[in-house]
Every structure is written in C-alpha cells, then in structure tokens.
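Presented below is the structure to which this report refers.
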Amino acid sequence: MPLYDFKCMSCGETQELYKRLAEVDDAFHCDERMTRLITMKNKAKFFGYYSEALDTYIPSAKAKSRRMKELGAAEVDTVTGQP
C-alpha cells in the first residue's frame, strides 16, 4: 500500500497514512474528511534510458528533444504515422 499525506482542514494537522487506492478518500480527523496532499514523494522520478534509435543515453526529456534536433529526427505517432 502506498503512503499518502493528508491534512485536516479544521485544525491543520497533517498525517502520513498507508491507504489502498480505493480507500484514499476514507481519511477522517476532527469528524471531517481529510484532504489528500500531493507531495514530491508521490511523483515518479525519471531515471533516463538508452535509446537505440538515437544511439545515446537519454537522461531527460529535454536531452531527448535536443538530441533529436541535432540528428534532424522527428517523433512519429505509431497509430497515425503523423509527426
């Protein structure tokens, strides 16, 4: 189960709670539903990858765009075939 941060809007207390996705809205404090906070620890971190097509390691989306521009390449939608 993931760890979520919640804040009580009545008293301002914050808590970290383990909740299933289906139970995320079931956090109560001061007889009111707590608000779930979006924190940095809940975001996925991009670690980069090796692109065989570009023949290089891509550490970020910005680096991918820069390398594609250097090569004169363009991304193509695999469904429509359009750039």
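Observations on the model:
- All of ALA44, ALA73 fail the test of being part of a loop (DSSP other than H, G, I, E, B), surrounded by 11 or more Cβ atoms within 10 Å (Cβ to Cβ) and either of a type outside the set (Lys, Arg) or at pLDDT 80 or above (or both), apart from ALA73.
- Pairs, first surrounded by fewer than 12 Cβ atoms within 10 Å (Cβ to Cβ) in the range 1-24, second hydrophobic (A, V, I, L, M, F, W, C) and at pLDDT 85 or above, C-beta under 7 Å, six or more apart: SER10/CYS30; CYS11/CYS30
- Top-ranked residue of the range 47-59 - restricted to ones that are surrounded by 11 or more Cβ atoms within 10 Å (Cβ to Cβ) and in contact with a Phe, Trp or Tyr (Cβ under 7 Å, 6 or more places away or on another chain), ranked as modelled with the lowest pLDDT: GLY48
The values are calculated or read from the model by the stated rules, or taken from the named source; none is laboratory data. None of these values were measured; they are calculated from a predicted model. Ideal geometry is used to build each Cβ from the backbone, glycine not excepted, and the neighbour counts take in all protein chains shown.
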